[in-house]
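See structure below.
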């Protein structure tokens, strides 16, 4: 078996993986700030389907069996010696943020394909099947919140819970999903969900630590928790030239007070806590009218469950206490508690990196990933590769061919270890 | 002559004026918040032209001569005994804000028509002609800034200065203007601009003072100055879950600091100063990305020129000093210094109100009006009628039939006094 592992790892092709990453980046590609090659490929769109067709063509040439589930999650299966055993699952997602890059998500899918292709090419037959999955709508860039594919698969929420999400054009998630499934009606359909033997997802770090500390592989120990809120401040529109400030119910001003108070609530000298107001919408939004309504989003994350719960629960009260003349409503749109991966999968990843002579670092994930929904189902883990400056969700997001190949080699070895376990 | 004035004032019809206000409100009318009847009638649109055709039909029945100038300002002329003398000019505008009401602007045009119709019906012939004007694009709701018609007429700016303004659909002002003039090619064309003998504009107060103090007529003493700015804060987009706050260049956070500092700069215990942030736009505007760019508007007004200049000039420095990690640009989009109307026209208005036994109050205008551009040309003034709660630019904007008629009667008497002077 050790010879088989070495052959499979040796069969991982840096050139092929890089070529595929670049070819995928053409689908939805654009030239962004600073001349960087960005990707804008929203889920459940013609671009998404074009990317999936390309992936399927590569997978079939590599000998993988393709199928799709009712949540449009796409599976590429390398059969094992015993097809009756629970497969090992790997993968990530293919959708991007509107100003996304060439690696976030798609790297984990293509590294997974590279791993099973290398394993097959080396003539290695794992005991369990290995399946590569492309989860639907991880980013939430079109339909927020994200991870609807993995949440549906794992039963974190019933699939119907997402039916009425709408995109900016008012299109319902259920309708976009039905359109995707209709366009892929030629693919074998599988039922929703199963219990994998293990789940291992490869991804760029999206943070600066591996690069800063000169490490080649990140052994991910868990994922911090997230809570997302939408706050709506309602006042009254008035004439900007005539209405005395003391008589106004200015939603912009009360919003500013609320965000200022939330900055204080969320202050963290250790800089572990993540608090972001990324979207603000003001109505009517004309320069010479007092704004009737101001709406903003909160993205709050922390690895410590107690902090996540205590400070998150304090948000509504802090917002209400900030209102001077307006009324506010605070809606929690999404909550995921912090998860710990335990030792099973991270141990396998660390051992594979060590066997290949690569340096590694144990670290938690700052970003949100489909992996967190797999934790209740099976031993779960992730491996990170460094990315330049820790930047993601931006056209300048970058990981070099060498870093990408190293991650794929560790992934191949770890998947084989799990599939033979 | 005194008998003629009394007959003209008596010929003002409360019912006819109200009926016309309500009929006009159907053109662009909608049912808004609270079931109020709002009006959305942008300038230089088919709705604007429909409203102008209706006005023209009434004016012609009243014996007025209709003409249009190259800025699409529309004139209704009641001839005087000596057509060679400079006319007295009255009027206002017919366009509205997107969430506008039934009185702002259109009241001054229809009160002017009511006045000349009453004067004509009473068989009174003033020494000078009286012209009613409907200025193009006062509100700036479609093409900002507003008052382009009166600025063109008075030479405040050359008409060509507005050619390249664009609306939200990318349509140029010059093209919209050409379309309007082509649609009204059947109307006699007059040259742009002349020096009126005097200008008097009737308008709803758009503020709370007349109602609060129980006065029927506002004798307007001048118009406060306005400065409009757009501030753009540029940072960098980053992942909301991974990027430590100290490494971010978060445009939303620096924008908040800038507006907070501007609130301090603009603090006025007397509550005379008007400072409004009415529009905010954030990019990319997704909840889980740090915002790369935040843009906001400033509407700053004050009746004292020194305050307007000193604090307005301080804005850019205060914004720059608020930046911690982003860069900011501050652009002044519009500036109009405060104007004083002097005593000539306000004295005539006050005398007319007194002669009719109406209570009046001298007050400055908080809102911006076409009248301010007439000040360098001729004796200028305005008269206000109370409006409910001081509300304007909103469907709930309201002035009752009685208040509207009182304003029209004072306007008729004042116009006759000016036209005979």
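Summary table
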| read-out | value |
| --- | --- |
| For the range B:66-119 and the range B:361-397, distance of Cα centres in Å | 15 |
| Per-bin percent of Cα-Cα distances, the range A:101-140 [5 Å] | 6, 21, 24, 21, 13, 9, 5, 1 |
| Percent of alpha-carbon pairs separated by more than 39 Å within chain B | 22 |
| Scattering curve values for the range B:226-336, log₁₀ I(q)/I(0), Debye with Cα scatterers, q = 0.15 Å⁻¹ | -0.63 |
| Exposure proxy order (Cβ contacts within 10 Å, fewest to most) of B:132, A:9, B:166 | B:166, A:9, B:132 |
| Proxy reagent accessibility, fewest Cβ within 10 Å first, across A:152, B:279 | B:279, A:152 |
| Value of D in µm² per second that Stokes-Einstein yields for the range B:7-81, Kirkwood Rh from Cα pairs, at 4 °C (1.567 mPa s) | 90 |
| Computed [θ] at 222 nm, helices only, for chain B once each DSSP H run of length n ≥ 4 contributes -39500 (n - 2.57) | -10500 deg cm²/dmol |
| Taking the range A:225-336 and dividing mean pair separation by its residue count, relative contact order in percent (alpha carbons under 8 Å, at least six apart) | 47 |
| Other-copy label distances relative to residue A:314, 7 angstrom Cα-Cβ extension, nm | 3.4 |
| Cα centroid separation - the range A:237-314 against the range B:143-211, whole Å | 38 |
| P(r) histogram, all alpha-carbon pairs of the protein assembly as shown included - 20 Å bins from 0, percent | 15, 37, 25, 17, 6, 0 |
| The range B:232-276: Rg to Rh, with Rh as the Kirkwood radius over Cα pairs | 1.19 |
| Taking B:360, A:160, A:289 and counting other C-beta atoms within 10 Å, the order from fewest to most | A:160, B:360, A:289 |
| Cβ-Cβ FRET estimate between residue A:340 and residue A:127, R0 fixed at 25 Å, reported to 0.05 | 0.35 |
| Relative contact order computed over chain A (Cα-Cα under 8 Å; 6+ residues apart), in percent | 24 |
| Cα-derived Rg to Rh of the range B:332-399, Kirkwood definition | 1.01 |
| Per-copy distances of the residue B:61 label point, shortest first, in nm (7 angstrom along Cα→Cβ) | 7.9 |
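Quick note: the coordinates plus some simple rules give every number you see, no bench work behind them. Bear in mind that the values here come from a model prediction, so they are computed numbers and not experimental data. When we count neighbours, we look across all protein chains shown, and the Cβ atoms used for this are built from the backbone with ideal geometry, even at glycine.
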